[in-house]
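Worksheet: one structure, shown below.
Computed from the coordinates by the stated procedures, all read-outs in this text should not be read as laboratory data. Please read these numbers as outputs of a predicted model, since none were measured by experiment. Here the Cβ is made from the backbone with ideal geometry for all residues, glycine too, and neighbour counts use every protein chain on show.
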Amino acid sequence: MNDLNRTELGATDIIAPLQQEGTKAILRTWLKKDGEQVHKDEPIAELETDKVVVEVCAPCSGLLHVVMSQDSDAPPGALLGRIAQGTPQALLRADQVNPAPREKKEQPDGYARHSPSVRRLIADHNFDPSTIKGSGRGGRLTREDVIGAIGRQSPREVHTQVFTQSASAEAPPPKLARDIPQIPPTDSQVSAYVPHSSMRRRIAEHMQQSVNTAPHVTSVFEADFSAIIKHREKHKADYARQGVKLTFTAYFIAAAAGAMAAAPDVNSRWHPEHMELFRDVNIGVGVSLWDKGLIVPVIHRTQERSLLGIASHLQMLTDAAQRGKLKAEDVQGGTFTISNHGVSGSLFATPIIINQPQSAILGIGALEKRVVVREIDGSDCIQVRPMAYVSLTIDHRVIDGSQTNAWLSRFVELLEDWPVDA
């Protein structure tokens, strides 16, 4: 519908964001029901990609008309629904001018009154919610109610529901979802079948595409953390009084931004006919969502930020990621990525898969005290120092070994020479 028709008919289109971060987006959940009154800027739907769950807000107040069904692909600019800004007849007239197909699914009784996660479980298992009593407020079903009821079904019954075709040749098997319980197997050698979430499947696609696209090469250095430990011990209380947690990751981000001067090609993107060098250093940091996967919020223009500014923004993004509240712009525009895999104990990981279409990714291994040799006043001395392996995995189409090592050398230098009073 064009703007003229939209104004005349009193209905506004709800479209998928034109800029999306990830391989593709799926309309995961409608937060409001068809025909329900919504208010401007109120979250009404959730789009999910391999990197983020994005809330779609109402562009205006009015009555919601759902066009796209849940679990459908939502490419940029796709029509999700409409909002009538006048009477319900405005929606009817809008659809007559510019109709959009809408798949209507028959749902069990009471389906609409349950939460989105419960409705997803019900749909994924063809489960009849009327067969059990809900323990939630007003008798509503909780996820635990549904999971428990499904778990009480026989293994053969559950296996048949999930993995076989129904009697109708046209009916597809129920979809798999990560938030459903483990499916009891029929094979005695298998403990359980664990369905993939849509986010996990798209992460897998993204990682496989990166490996297929770029020749990965990894270089590994050692870094002495003594200087940044001293700085952190001296300043973390002052940061805390300002409401900011000073983490080692903030130092890594600052040093990575500074190291770009030694090898600018690290902050670039490969194209078949040219290389795209970026002015801003936009650094993404991987945040684990445990069984849901990994998300990479981006700190933009790190080269312009102080350590306090980096630490503050990192804290905000990490908290938002873990609460599922990241915005689309929070994961867009990254030019370089840091994987702090050492927080879970690994000394080094190789290759860390590049976050396409970037050209490199930094890995930080676990911090541990190690015996090292240091020259003091012309003599070699054995000392115990807090050390970690740091690696740079590069796209060898863009970056060579000399550039890789120059970048790592500068990165390590910045960490090891960090001024305590800065």
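For the range 214-416, please report how many Lys pairs fall under 24 Å Cα to Cα, leaving out neighbours fewer than 8 apart on the same chain.
11
Would you kindly calculate the translational diffusion coefficient of the range 214-416, applying Stokes-Einstein with the Kirkwood radius from alpha carbon pairs, for 25 °C and a viscosity of 0.890 mPa s, and quote it in µm² s⁻¹ without decimals?
In µm²/s, the coefficient rounds to 140.
Taking the Cα-to-Cβ direction at A237 and at F278 and moving 7 Å from each Cα, how far apart do the two end points lie in nm?
3.8 nm
Between L347 and H396, how many nm apart are label points set 7 Å from Cα along the C-beta direction?
Placing both labels 7 Å beyond Cα along the Cβ direction yields 2.5 nm.
Sort R241, R232 so the one with the fewest other Cβ atoms within 10 Å of its own Cβ comes first.
R241, R232
Taking the Cα centre of the range 227-295 as origin, sum charge times position over the Cβ atoms of Lys and Arg (+1) and Asp and Glu (-1), and report the length of that vector in debye to the nearest 20.
520 debye
What ranking, highest mean first, results for peptides 38-46, 256-264 when packing means the other Cβ atoms within 10 Å averaged over each residue?
Packing proxy ranking, top to bottom: 256-264, 38-46.
If you take the square roots of the eigenvalues of the alpha-carbon gyration tensor of the range 193-259 and sort them as a ≥ b ≥ c, do you get rounded (a/c under 1.5), prolate (a/b over b/c) or oblate?
Numbers: a/c = 3.36, a/b = 1.75, b/c = 1.92.
Because a/c hits 1.5 or more and a/b fails to exceed b/c, the range 193-259 counts as oblate.
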